[in-house]
Amino acid sequence: MVDAPSGRSLVVDAVTHRYPSGALAVENINLDIKGGEIIALLGPSGCGKTTLLRIIAGFIAQTQGRIIIGDGIVDALPPNRRSVGIVFQNYALFPHLSISENVSYGLAARGIDKADRQREAQRLLELVQLPTMAERLPRQLSGGQQQRVALARALAIRPSILLLDEPFAALDKNLRLDMQIEVKRLQRVSGITTLIVTHDQEEALSMADRVAVLSHGKLEQFGTPSDVYDRPQTLFVNTFVGSTNRMPGVVVSADRAAAKVRLDAGAEIIARPAAGALTEGGRVTVCIRPEHLQFVGDETGFAGVVGMSLPLGATVVHEVTTADGSGVKVSQARFGETRALESGAAVRLAPLAPSLANAFPATL
Amino acid sequence: MGAAPASRDVTSYGMGLAVPLALFFLVFFVAPLLQLLWLSLHNDTAGLHWGLSQYQHFLTDPFSLGVLGSTLLLGAEVTLVCLMLGFPLAWLYQRVGPRLQTIIILIVLLPLLTSVVVRTFAWIVILGRQGIINATLQSLGIINTPLKLLYTQFGVVIALAQVQMPLMTLPLITALGRIDPNLDDASCSLGAGSWRTFFRIVLPLSLPGVIAGCTLTYAAAITAFITQSLVGGGQMLFMPMYLYQQASTLQNWPFAAAISIIFLLAVLAVVSVFTTLGRLSRGYGGT
Ligand SMILES: Nc1ncnc2c1ncn2[C@@H]1O[C@H](COP(=O)(O)OP(=O)(O)O)[C@@H](O)[C@H]1O
Ligand SMILES: [Mg+2]
């Protein structure tokens, strides 16, 4: 049997890549991933996720920087010597080989004899809960099943790192949840260091130990899901991860821990300077998530007029137009009998707590 | 994915549209073929006595069998040369940028844009005693006396390979283009080297194209009357020329007809081997 140590660490050290066409796809990315961690690489389409994944796998030689797996620099190693398992977005199963042959392909390449190979393939197919599919061809399987096979095939070589490129994007919603749970279970069982590329923030937050948020080839933030969601370091992270209200304003006074901001919507609130110190008198954008806004009865907060209320199952989302004409969304948990808000009702809104309003220096 | 209209059998669509072509085939292909068969079943040139003696003559005559054998061999050699040269070219095509792709396609298609006669004469100029190859080798002092290239099997194979190359390369380019490039990467990331990837993944998946290319090249090479005759010259005799001599020069129409039928059957046998292989490989790739 192959005994590659699983759960090795992965360091992406100041990696920059420029395609021959001139496109700067990733720029000075630093990631320090511990053995056995599950990391999500999150960002909108075109931000360089696939490029970074292919650099780690060895399909692209980066323009600058180093990739370190375990304690070895792997930049000089071709993909077939890096011991990195990949699950491609379209699964890339070999269409002319049976499921069993697909799964044992990597073992054959390592010169393992046929009987051992078949036994190992069967073990892996049981692991991904497809024990009866060994003799079928890939096209005779459903999308979800093909994905399990792709996973088994990548795990068969006992890679030190497992890379998954948008693995669930092609699956419908229920199946996606099943597969997310499945991948997480397999990752826990094998303890393998895993990097999942996704543009779906819910997926990133639910699956990963830590999330790396990319935008335009740059690393915006690398932290735990709650870091990224509750303490975003950039305006991009705040708006891309989860939904948020962006409210413009001016800094009245500021220190490192808190800033008093006069919102254009007409109230002074305390906000957290999320991206470092703010200058007094500077314009800022304050981000407050819909679930972090509350209706207040007194004269604190800012005024608005209720537009529409959308009952979304567990929550109700109200659209409120503020004094400066911009709209904000407020999300309320739905108690048995939520007080109905008439369209056109005048209300006042305030953040639940100062730490839940993030102020960023205004761009432009 | 939508529900198919139930009771409608797709195979019965618009058969009427095929009628003009079917009539054309009937008049200009099936009828002459039947006439040929009818002619070949006569023992004398006058066409008075029925019999199988023309076939008997061909199949017991070492000279005739030799011509058939060398023609089929010629086809095999040309096909092999085209495959060996065409596959790397097609493979390269899938891995270069769009500008180089245009250039490769142009090079591949260029032979189709010139007349076979012109191309064949070009080969005579290249291969002749005073031709480009001999002149170059002599001026470099590599050889003293000119090599005999023209009127040899080698010359015929090379010239035919160039003439038929597009028939091999185009199906190969199509077949290789259908292979998902991720499969290459997947194979590599699983630890396979480039040879294993080629023999286990790329080659099996391109097999439909290989077989299509081989069938076309083979059929075209063995029937290439002009190139065979001009580059092969008088000493080398292949089936098309043999047939032409019997019919035109010797006026032995029944024997020429029998040659045609035998040649046709031989070609059909080879082609059906190819297509059987093709059908077996259809299990691969697909969609
Ligand atoms: N082969 C390539 N040649 C040139 N530019 C490329 C190539 N692949 C990707 N790019 C560019 O690099 C950027 C990042 O692409 P990619 O890594 O595929 O992003 P993502 O996977 O996040 O959608 C994009 O702007 C894209 O246009
Ligand atoms: Mg991508």
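Structure notes:
- Counted as membrane-span-like here are DSSP H helices of chain B whose alpha-carbon atoms extend 24 Å or more along the helix's own axis and whose Kyte-Doolittle mean is 1.0 or above; these are B:62-93, B:153-177, B:203-222, B:253-281.
- Selected from A:Val149, A:Leu219, A:Ser206, residue furthest toward positive end of dipole (the range A:10-235; charges at beta carbon): A:Val149
- Mean separation of Cα contacts under 8 Å, 6 or more apart, over the residue count of the range A:1-144: relative contact order %: 20 percent
- Top of A:Asp75, A:Asp264, A:Asp165 by mean-square fluctuation, Gaussian network on chain A, Cα under 10 Å: A:Asp264
- Max mean-square fluctuation residue, GNM over chain B, Cα-Cα springs under 10 Å, options B:Ala192, B:Ala76, B:Ala135: B:Ala192
- Structure-based [θ]222 nm, chain B - -39500 (n - 2.57) summed over DSSP H runs of at least 4, per residue, nearest 500: -21000 deg cm²/dmol
- Size check on the range B:213-287: the Cα extents along the three principal axes, sorted descending, read 53, 28, 16 Å.
- Gain in span if fully extended, A:Thr132 to A:Asp116, counting 0.36 nm per residue against the direct Cα distance: 4.0 nm
- Inter-probe distance in nm under a simple model that places probes 7 Å from Cα toward Cβ, at A:Leu310 and A:Ser21: 3.5 nm
- Chain A: most fluctuating residue of A:Val149, A:Val197, A:Val128 per GNM, C-alpha cutoff 10 Å: A:Val128
- Folded to 0 to 90 degrees: helix A:173-190 orientation relative to chain A principal axis, Cα: 60 degrees
- A:Ala169 paired with A:Arg334, simple spin-label distance in nm, labels 7 Å along Cα-to-beta-carbon: 3.3 nm
- Equivalent ellipsoid semi-axes - Cα gyration tensor, the range A:244-361, angstrom: 27, 14, 11
- The alpha-carbon positions of chain B define a convex hull whose volume is 223 Å³ per residue.
- Modelled label reach - A:Thr363, point 7 Å along Cα→Cβ, the range A:230-255 residues with backbone N closer than 14 Å: A:233-241
- For the range A:10-235, the fraction of alpha-carbon pairs lying more than 32 Å apart is 18 percent, rounded to a whole number.
- P(r) histogram, all alpha-carbon pairs of the protein assembly as shown included - 20 Å bins from 0, percent: 14, 31, 28, 17, 8, 2, 0
- Its Cα gyration tensor gives the range A:148-217 an equivalent ellipsoid, and the semi-axes of that ellipsoid, as √(5λ) in whole Å with the largest first, are 19, 15, 11.
- R0 of 56 Å, Cβ-Cβ distance B:Leu137-A:Thr224: FRET efficiency to nearest 0.05: 0.15
- The charge dipole of the range A:244-361, taken about its Cα centre with unit charges on the Cβ atoms of Lys, Arg (+1), Asp and Glu (-1) only, comes to about 320 debye.
Taken together, the values in this text are just the output of simple stated rules run on the coordinates, not laboratory data. Since we're looking at a predicted model, the values are computed, not measured. All Cβ positions, even for glycine, are placed from backbone atoms using ideal geometry, and neighbour counts span all protein chains on display.
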